[in-house]
Ligand SMILES: Cc1cc2nc3c(=O)[nH]c(=O)nc-3n(C[C@H](O)[C@H](O)[C@H](O)COP(=O)(O)OP(=O)(O)OC[C@H]3O[C@@H](n4cnc5c(N)ncnc54)[C@H](O)[C@@H]3O)c2cc1C
């Protein structure tokens, strides 16, 4: 094995934080605000760690700001969630273990995940739902499409490194009934994969229920996926260059 030459440096700091993920960045920020001389080092080309490619939200069970804002939440709820997640994950995805390790994307990843394509939100009122993302958060609409079977319309909006699909269903369909009262809902998450048949074969081998949609896409229905839909597709439903991440 050849070792890459490391740059030489010699520095003395109060706190050396290794890794600019959510935890490292928060630690570095708080320590700096406390007056320490902090150095934050990151081995990859971008900061953010997993949060840079996730939905960007963190659940910190029982945090005092949430409780002060009137949300019922406690550490035991968080533990219960993790216990249930570990049970499901061991069955569904061998990369996850009950000791909390993973997931790590490896070359032999049984799902062949390439990237998180987009999150899907269903709404009866696209202008209102999209306004927050485009006008206020300055997201960019990148594509629209119409589902030839259901007639539902999709608008794809990129917000930093997250892509959101807003689906407006046709009136008087089951999907419409979910949002007709004016409340949007989060339908689920779509991944781009190498081979949807391999995903199906893996889910078969671990006993996870799924449906096969148009173009062979694999869809784990909400009932089998913690109440949200998990979808695996072989091609992106918007121009591929829109998925290139903006520079941080
Ligand atoms: C699709 C998705 C959705 C998610 N949704 C949620 C959610 O809704 N709620 C929630 O609470 N969590 C969610 N998560 C999980 C959450 O994003 C992660 O738990 C969290 O971001 C982990 O942060 P971290 O700082 O602990 O670790 P990481 O993000 O893994 O950061 C570690 C950093 O350290 C760097 N590093 C590693 N080794 C070295 C080294 N030797 N030298 C220098 N740097 C190094 C890495 O490159 C990385 O940048 C989601 C994750 C995904 C993928």
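Here, each number is a calculation from the coordinates, and none is a lab measurement. Quick caveat: nothing in here was measured; it's all calculated off a predicted structure. Glycine gets a Cβ as well: all are built from the backbone with ideal geometry, and neighbour counts include every protein chain shown.
Segment residue 115..residue 181, full-extension length gain: 20.4 nm, with 0.36 nm per residue of separation and the alpha-carbon distance subtracted.
Relative intensity of the range 200-247 on a log10 scale, I(q)/I(0) at q = 0.30, 0.32 Å⁻¹, equals -1.09, -1.17, per a Debye sum over C-alpha point scatterers of equal strength in the absence of solvent.
Simple spin-label estimate for residue 146 and residue 214 gives 1.2 nm between the two label positions (7 Å along the Cα-to-Cβ direction from each Cα). Computed from the alpha carbon positions, the gyration tensor of the range 121-248 leads to an equivalent ellipsoid with semi-axes of 25, 20, 13 Å, biggest first.
Hey, quick one: spin label on residue 174, modelled 7 Å out along Cα-Cβ, who in the range 196-233 has an amide N within reach, i.e. under 12 Å? Answer for this model: 221-223.
Taking 0.36 nm per residue of separation and subtracting the current Cα-Cα distance, fully stretching the chain between residue 82 and residue 41 would add 11.8 nm.
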